[in-house]
1. Counting just the residues of region 37-68 that are in contact (Cβ under 8 Å) with a residue 24 or more places away in the chain and among the hydroxyl-bearing types (Ser, Thr, Tyr), which one comes out least open to solvent (accessible area, probe 1.4 Å)?
2. So, in region 85-107, of the ones that are modelled with pLDDT under 95 and among the acidic types (Asp, Glu), which residue ends up least open to solvent (accessible area, probe 1.4 Å)?
3. Could we say that Val214 is at pLDDT 95 or above, out of contact with any Lys or Arg (no Cβ under 9 Å at 6 or more places or on another chain) and open to solvent by less than 40 Å² (accessible area, probe 1.4 Å) here?
4. Only one of (1) among the aliphatic types (A, V, I, L, M); (2) more than 27 Å from Phe21 (Cβ to Cβ); (3) out of contact with any Lys or Arg (no Cβ under 8 Å at 6 or more places or on another chain); (4) buried (at least 16 other Cβ atoms within 10 Å of the Cβ) is not met by Leu239, so which one is it?
5. Go through (1) open to solvent by 30 Å² or more (accessible area, probe 1.4 Å); (2) touching a Leu at 6+ places or on another chain (Cβ under 6 Å) one by one and return the number of the condition Ser204 breaks.
6. Does region 188-201 hold any residues that are outside any loop (DSSP other than H, G, I, E, B) and open to solvent by 40 Å² or more (accessible area, probe 1.4 Å), and which are they?
7. Residue by residue through region 163-174, note down the ones that are exposed (fewer than 11 other Cβ atoms within 10 Å of the Cβ) and either in contact with a Gly (Cβ under 7 Å, 6 or more places away or on another chain) or more than 23 Å from Pro193 (Cα to Cα) (or both).
8. Please pick out the residue among Ser82, Ser78 that is surrounded by 13 or more Cβ atoms within 10 Å (Cβ to Cβ), in contact with a Ser or Thr (Cβ under 6 Å, 6 or more places away or on another chain) and of a type in the set (S, T, N, Q).
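The values are calculated or read from the model by the stated rules, or taken from the named source; none is laboratory data. Only a predicted model underlies this, so the values are computations on that prediction, with no experimental measurement involved. Cβ: placed from backbone, ideal geometry, glycine included. Neighbour counts: every protein chain shown. Remember, those area values only see protein heavy atoms, side chains included, never the ligands or the DNA or RNA. Shrake-Rupley method; radii C 1.70, N 1.55, O 1.52, S 1.80 Å.
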Amino acid sequence: TAPRPPADRNRLVPTIQFEMFQNDKLKLKALTEAHGYNERDLHNIYQRITWDASADAKAVGADIAGNKMKPELQERVSRACSIAVGATLATEESPRGKLLDVGCGHGAIVSSLVEAGLTEPDMYVGIDLSSEMVRNAVERYGEERNGRTGKGRVFVADDFFAHDFSVYAEGNGGSEEGVFDSIIFCSSLHDLPDMEGAISKAVSLLRPNGGKLVIVHPQGAMHVIGQHQANPVMVSRGLPTANEWIDLIEKFSDWDLSLEHVPADPRSDGDIKDGYLAVFKKT
């Protein structure tokens with residue numbers, strides 16, 4: 001992604017904090033080179049440690065809350081899930097669709113997806129870097145089966161960039177291209193080390209002619225900016241603004257994406273009121 005203009009960056013991230021981030025990034029680069037790791041390796045190690053350590057607490061907390069967020073946040077997630085599930089409905093080309101939940105955690109949005117109409121458990125695949133998060137997801141949502149196929153939800157602990165999704169294709173000639181009718185990133189895109197790479201990977205997995213890519217963060221873009229300020233190593237940047245998405249779609253024309261819902265910008269009234277929601281259709 002192209003760097004933010006200095007004026008925009010200074011408005012969102014104090015200059016001194018940006019300079020500290022740049023210095024820390026140089027130190028991190030030196031460490032990775034000294035020990036034979038690249039930045040993505042180190043990022044994934046930090047992410048695994050962080051999410052493995054918090055997995056049980058987050059899952060139990062969700063259980064206590066009835067797997068619901070605060071009403072205003074839940075409404076935003078439910079809206080995003082409805083859009084994602086809508087793309088899995090039966091068509092002539094795809095009698096029963098599949099949905100991919102990237103950064104599924106402990107299965108945080110499974111109930112919301114079911115309520116939105118994801119009727120059969122084997123329509124769902126969730127992936128997360130944390131094996132402890134996935135263990136919690138399997139314990140809570142892994143037993144239900146489709147009475148016709150005998151298959152259930154799939155939860156996999158792996159790197160989204162490296163995982164071979166062709167195993168979920170049915171009659172697709174062993175290719176992972178077009179495996180999913182919809183892909184949703186719920187509060188997870190900013191946790192990945194390479195946003196452009198993540199979108200490129202997701203696009204390759206989406207079916208053409210109507211596949212949906214849904215990116216939602218119920219707490220909004222400004223919340224992610226705060227996470228970036230607090231820990232720029234783990235959260236390398238904020239979520240793309242509407243203008244940045246437009247530029248990216250133009251830059252990567254082979255994505256074949258059209259922007260159907262424009263996200264609100266940080267500190268805008270829309271971000272405060274509705275959180276962050278970007279919806280794309282693969283043409």
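1. Thr50
2. If we take residues in region 85-107 being modelled with pLDDT under 95 and among the acidic types (Asp, Glu), then Glu93 is least open to solvent (accessible area, probe 1.4 Å).
3. yes
4. Just one mismatch for Leu239, condition (2).
5. Unmet condition: (2).
6. Passing the criteria: only Ser200.
7. Passing the criteria: Glu170, Gly171, Gly173, Gly174.
8. Of Ser82, Ser78, the one residue that is surrounded by 13 or more Cβ atoms within 10 Å (Cβ to Cβ), in contact with a Ser or Thr (Cβ under 6 Å, 6 or more places away or on another chain) and of a type in the set (S, T, N, Q) is Ser78.
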